[in-house]
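Can you read through this structure? Questions will come right after.
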Amino acid sequence: MVVSFFSPRLEWMSAVVESWFLILAAIAMLLGGANLFMHHSNLIYNQKPGWGYSALTLAGFLITLVAGLLKLGVPLTPQFPEHAWAGSFEEQPGVIWWLYEYIIKPSTSTMFALLSFFVASAAFRAFRAKSTEAALLLVTALIVLLGRSYAGTILSAPVGDAYSFAALTDFVIMSVINTSGQRAIVIGIALGVAATSLRILLGMDRSYLGADE
Amino acid sequence: MSSTPSGPTTSKADDDQSSPSRQPLHWGHLVAENGGYLLARLGAANIDRRWIFLLMLLAVGIPVLTKATFPEKPTANVKAVFNHIEELKPGSRVLVSMDYDPASAAELNPMAVSFLRHLASRGHKIYLMTLWPAASPLINENTNEVLNDEFAEKNLEYGKDWMFLGYQAGEVVAIKKVADNLRALFPTDARGTSLEKIPMMEGIHSLKDFDLLLNVSAGYPGAKEWVQYATTTTRTPMAVGCTGVQGPQLYPYIPDRVLGILAAIKGAAEYEAALSEKYPRFAEPRLNEGLQRMGPQLWAHLLMICLIVAGNILYVLSRCFPLNVYGVGANSHRADVTPAPGGPA
C-alpha cells in the first residue's frame with residue numbers, strides 16, 4: 001500500500017489489499033458473532049454471576065439474527081410481488097423495523113441523554129480550579145458554555161458582535177487556541193507514526209512479532 | 001468588639017492565643033466563618049446527586065414542553081457551508097455520507113434534514129450513503145419526510161434526482177474505496193438495483209466526480225477519516241455537520257480541507273436560521289428542530305455554569321474553613337463532626 005502511493009501504475013496493489021481487507025472484515029463479523037454466542041452460552045451453561053444478562057444478550061442477538069435473515073414481517077415489493085423475500089429487511093412493518101424503532105432507537109437515545117445528568121453531577125463535584133491549568137480550563141469552559149447558547153448573546157449584547165461570547169468562542173478559543181493545539185498534536189502523531197512505521201519496515205522494531213525489542 | 005478576656009493576668013487560655021480557636025473574633029469574622037462552615041458542610045456533605053439530576057430534568061424538560069425558541073445568527077463556519085451550496089450550479093452532484101446512529105440523532109438529524117432541504121431546494125443531485133449500520137433507517141425516514149413529502153410538488157424521482165447507495169462495512173477502507181473506485185464498493189444501491197441501471201450514476205466512478213461531499217458525522221468512521229483518506233487526495237470540497245465533541249478536532253482542517261463545520265445542535269440551529277431566511281417556506285417552527293432544541297440547551301448550560309461556580313465556591317470555602325476533627329476552623333464547640341478514620345486523635 002505504501003508503494004502504491006508513490007506510483008499510479010502500482011495502484012492496483014492497493015486495490016487488491018483493500019478488497020482483502022473488506023473480505024476479512026466480513027469474515028471477522030461472522031467470527032465475532034460466533035464468539036459472542038459461545039462466550040455467553042458458556043456463561044449461561046455454567047450459571048456464572050450475571051448469567052441473566054448473558055441470556056438477555058443472547059436472546060437479543062438470536063431474535064435479531066433470525067428476524068433479519070428470514071426477513072420476518074417484511075412486506076412484498078411491487079416490483080417482485082411473487083418473491084416473498086424481495087423486500088428490504090428494514091422495511092416497515094418488518095420485525096427488524098419494529099426492533100429498531102421500539103428498542104434500538106429509544107434505548108440508545110436514552111443512554112446518550114443520560115450523559116447530561118452525569119456531566120452536570122461531574123461539573124459540580126470535580127470541575128474545580130485546583131491549579132492554574134484547571135482554572136484556565138474552567139474559564140474556557142464557562143466562555144464556551146455561554147458562547148454556545150443564547151445566554152451569551154444576551155450578556156454580550158452591549159459590547160457588540162465582535163466581542164461577544166460567540167465570537168470569543170469561535171475566533172479565539174476554537175480557531176486560534178484549539179486549532180494550534182490540535183495541529184501540533186496531529187503533526188506530532190503523524191511524525192510518530194512515520195517514525196514507528198519506518199522502524200518496523202527497516203526491521204529495527206520487532207516487538208509486533210513478539211520480540212523483546 | 002472582642003470576645004476574649006483582657007487584663008494583665010496570664011492564664012492557660014492566654015497561652016493558647018496562638019491557637020485559632022482562641023483568637024479574638026470580630027462579628028464579621030464570626031458571620032463569615034459560620035457561613036463558611038455551613039457552606040463547607042454543604043459541600044463536604046456531598047449533596048445527593050439526585051438533586052442535581054432533578055435540576056437538570058427541570059432545566060431540560062420545561063423548555064421542551066414550552067417549546068421556547070431563540071433567534072440564531074449564523075456564524076462564519078455555517079455561512080461558509082451554506083454559501084457554498086448556494087453557489088453550486090443547480091444539478092451539481094453532492095455525495096452525502098450520513099455516518100451516525102439513533103444515539104446521536106437528536107444532535108445530528110436536524111442538520112441532516114437541513115442539508116437535504118437545501119440540496120433539494122437548489123435542485124442538486126443527492127447521493128446518499130452511510131458507513132454506520134444503524135443509519136440506514138434514519139436515512140430512509142429523512143428521505144421520505146423531506147424528499148418525498150415536503151418536496152412532493154417537485155416530484156423528485158429516485159434514481160434521477162436522488163439515490164441511496166446504502167451501508168457499506170470496512171470503515172476507512174470503505175472511505176478509500178469511495179475515493180478511488182466507488183463502483184467496486186457499491187455494485188448496487190440500497191434497493192439492490194445495479195448502479196449501471198441508475199441514470200444519475202452515469203459518469204460517477206469515484207469521489208472525484210462529485211462537486212461536494214457533505215458528511216454528517218457522529219464519530220469513527222466519520223469526518224476526520226473522510227478528510228484523511230479521501231478528500232486530501234481527491235481535493236473534493238467537503239463540509240461537515242458533527243457532534244459537539246468532534247468539533248474541536250475538525251477545526252484544524254478549516255478552510256483548506258473542510259469548507260466549514262456545523263458543530264452540535266447550535267450549528268444545526270444556525271443552519272436552519274440561514275435556510276429559513278433564504279427560503280421562508282422552511283421558517284415554520286415544526287420544521288426547525290435544531291432551533292427548538294436550543295431552548296433546553298440554554299437552560300442546561302446555565303445550570304451547568306451555576307453548578308460549576310457553586311462547586312468552586314464550596315471548594316474555596318472548604319480550603320479556607322477546613323473541616324477537622326475538632327470541628328470547623330476556630331469553633332471547636334461543633335462536636336457533630338465525626339473524626340475522619342485514620343485522622344488525628
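The values are calculated or read from the model by the stated rules, or taken from the named source; none is laboratory data. Quick caveat, the model's predicted, so the values are computed rather than measured. Note that each Cβ is placed from the backbone with ideal geometry, even for glycine, and that neighbours are counted across all protein chains shown. Just the protein is used for accessible areas: all its heavy atoms, side chains included, with ligands, DNA and RNA removed. Shrake-Rupley method; radii C 1.70, N 1.55, O 1.52, S 1.80 Å.
May I ask you to say which residue of A:94, A:147, A:152, A:160 is away from chain B (no Cβ under 11 Å) and open to solvent by less than 40 Å² (accessible area, probe 1.4 Å)?
Result of the check over A:94, A:147, A:152, A:160: A:160.
What is the residue count in segment A:186-199 for residues that are away from chain B (no Cβ under 11 Å) and open to solvent by less than 60 Å² (accessible area, probe 1.4 Å)?
Number satisfying all stated conditions: 5.
Right, here's the next one. State all residues of segment B:121-139 that are in contact with a Leu (Cβ under 6 Å, 6 or more places away or on another chain) and assigned to a helix (DSSP H, G or I); if no residue qualifies, say none.
Within segment B:121-139, B:139 is the sole residue that qualifies.
Take the residues in segment A:5-41 that are of a type in the set (S, T, N, Q) and surrounded by fewer than 13 Cβ atoms within 10 Å (Cβ to Cβ), then tell me which one is modelled with the lowest pLDDT.
Filtering first and then ranking leaves A:7.
List every residue pair whose Cβ atoms lie under 9 Å apart, where the two residues are 6 or more positions apart in sequence or sit on different chains, the first residue falls within segment B:286-303 and is within 17 Å of residue B:71 (Cβ to Cβ) and within 7 Å of another protein chain (Cβ to nearest Cβ), and the second residue, located anywhere, is among the basic types (Lys, Arg) and crowded, with 20+ Cβ neighbours inside 10 Å.
B:294/B:266; B:297/A:148; B:297/B:266; B:301/A:148
Any residue in segment A:104-111 that is touching a helix residue (DSSP H, G or I) at 6+ places or on another chain (Cβ under 9 Å) and touching a residue at least 12 places away in the same chain (Cβ under 8 Å)?
Within segment A:104-111 (the criterion being touching a helix residue (DSSP H, G or I) at 6+ places or on another chain (Cβ under 9 Å) and touching a residue at least 12 places away in the same chain (Cβ under 8 Å)), the answer is no, since none of the residues qualifies.
Name the one entry in A:183, A:128 that is part of a loop (DSSP other than H, G, I, E, B) and at the interface with another protein chain (Cβ under 8 Å from one of its Cβ atoms).
Just one listed residue meets the conditions, A:128.
Now a separate question. Quick test for you: out of A:117, A:112, A:89, pick the one residue that is touching a Phe, Trp or Tyr at 6+ places or on another chain (Cβ under 7 Å) and open to solvent by 40 Å² or more (accessible area, probe 1.4 Å).
When all the criteria are applied, what remains is A:117.
Among residues belonging to segment B:179-199 that are assigned to a helix (DSSP H, G or I) and of a type in the set (A, V, I, L, M, F, W, C), point out the one that is most open to solvent (accessible area, probe 1.4 Å).
Among them, the one singled out is B:184.
Hey, can you tell me all the residues within segment B:163-178 that are open to solvent by less than 40 Å² (accessible area, probe 1.4 Å) and free of Cβ contacts under 8 Å to residues at least 40 places away in the same chain?
B:163, B:164, B:165, B:166, B:169, B:170, B:173, B:177
Does segment A:48-62 contain any residue that is away from every other protein chain (no Cβ under 14 Å), under 30 Å from residue B:187 (Cα atoms) and among the aromatic types (Phe, Trp, Tyr)?
Within segment A:48-62 (the criterion being away from every other protein chain (no Cβ under 14 Å), under 30 Å from residue B:187 (Cα atoms) and among the aromatic types (Phe, Trp, Tyr)), the answer is yes, since at least one residue qualifies.
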